[in-house]
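This report refers to the structure that appears directly beneath it.
The values are calculated or read from the model by the stated rules, or taken from the named source; none is laboratory data. It should be emphasised that the depicted structure is a prediction, and the values quoted were computed from it without experimental measurement. A quick note on method: Cβ atoms are made from the backbone with ideal geometry, for glycine too, and the neighbour counts reach across all protein chains shown. Protein only, heavy atoms only, side chains kept; ligands, DNA and RNA dropped before computing areas. Shrake-Rupley method; radii C 1.70, N 1.55, O 1.52, S 1.80 Å.
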Amino acid sequence: MEVTTKFTIASEEGIKNFFFLRNTRISAMYAGSVEEAKLKEYREKLSNHREAVNELNNLTTQMITVFVKDVPAGYALLKQSTAPEALKGKKASHLDAFYILPEYDGESVRDALWKKCRSVTRMSDALWIEMLQTDPLLPYLQSCGFTISDSAEMKPFAKASYILVYENND
């Protein structure tokens, strides 16, 4: 299987892939637990073209897309943001999203995306992510060295989540 990772910029293709992958991720995260009308409203709120361009052009944000045979199969979104209490005083990067479409979710795709994230954040002391407690990629990230630091409620729907931390010991 031909798997590649690429940085995504705010081109028309980049924005299209960003919207597709993010909306698919949000639908998967909340399917069956959030009323469809509320979910649709949330996805529409996040589909502002200008805001997406600004987000992807922000120098503190990096989107990495993983492709299988040139088809977008998942993405990771790295941002600078306030770190959780467990990482106070450390240079920490925020993994805002780590998602792979179910039809492409396999070891080679996961590993390619994770390795690119590690490469980008190698100068950080730590990496953190908030994810739903039911996220199917939770065991994978734990196998990569993430540990549960805290429990939380993920916005905007107050669903049970974990704050996971990866300490960079390289």
For this session: Could you work out the relative contact order of the chain, using alpha carbon pairs under 8 angstrom and six or more residues apart, expressed as a whole percent?
Result: 20 percent
Exercise. Which value, in nm² and rounded to one decimal, describes the direction-averaged projected area of the C-alpha convex hull of the chain?
Worked result: 9.7 nm²
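Once a ≥ b ≥ c are taken as the square roots of the eigenvalues of the Cα gyration tensor of region 1-40, is the result rounded (a/c under 1.5), prolate (a/b larger than b/c) or oblate (a/b not larger than b/c)? Could you put the intermediate results ahead of the total?
Values: a/c = 4.39, a/b = 1.90, b/c = 2.31.
Taking the square roots of the gyration eigenvalues as a ≥ b ≥ c, region 1-40 is oblate.
Under 13 Å from the Cβ of G14, count the other residues' Cβ atoms, weight Lys and Arg +1, Asp and Glu -1, and hand me the total.
Net local charge, G14 excluded: 0.
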Exercise. Reachable lysines from K159, Cα under 29 Å, same-chain residues fewer than 8 places away excluded?
Worked result: K16, K38, K40, K45, K79, K88, K90, K91, K115, K116
Exercise. With every protein chain in place, what's the accessible area of Y42 (1.4 Å probe, Å², nearest 10)?
Worked result: 50 Å²
For this session: Using the heavy atoms of the protein chains and a 1.4 angstrom probe, tell me the accessible area per residue for the chain in square angstrom.
Result: 55 Å²
Exercise. Given a cut-off of under 8 Å on Cα pairs at least six residues apart, what relative contact order in percent is computed for region 1-88?
Worked result: 40 percent
Exercise. Considering the chain as a Gaussian network with a 10 Å cut-off on Cα pairs, which listed residue, L137, L46, L78, attains the greatest mean-square fluctuation?
Worked result: L46
Seminar exercise, completed: The percentage of the accessible area of the chain (probe 1.4 Å, all protein chains present) made up of carbon and sulfur atoms, to the nearest whole number, is 49 percent
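Cα gyration tensor of region 89-170, axes a ≥ b ≥ c as square roots of the eigenvalues: rounded (a/c below 1.5), prolate (a/b > b/c) or oblate?
Cα axes put region 89-170 in the oblate bin.
Dipole magnitude of the chain about its Cα centre, charges +1 at Lys/Arg Cβ and -1 at Asp/Glu Cβ only, in debye to the nearest 20?
With only Lys, Arg, Asp and Glu charged at Cβ, the dipole is about 320 debye.
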Exercise. Under unit Cβ charges (Lys, Arg +1; Asp, Glu -1), what dipole magnitude, rounded to 20 debye, does region 100-158 have relative to its Cα centre?
Worked result: 300 debye
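Once you have the alpha carbon radius of gyration of region 1-82, what is it after dividing by 2.2 N^0.38 Å, with N set to its residue count?
Scaled against compact globular proteins, the figure is 1.15.
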Exercise. Per the Kirkwood treatment, what hydrodynamic radius in Å, one decimal, follows for region 50-106 from the mean inverse distance over all distinct Cα pairs?
Worked result: 13.0 Å
Exercise. Among S11, Q62, Y75, whose Cα lies farthest out toward the positive end of the dipole of region 1-110, if unit charges sit on the beta carbon of Lys, Arg (+1) and Asp, Glu (-1)?
Worked result: Q62
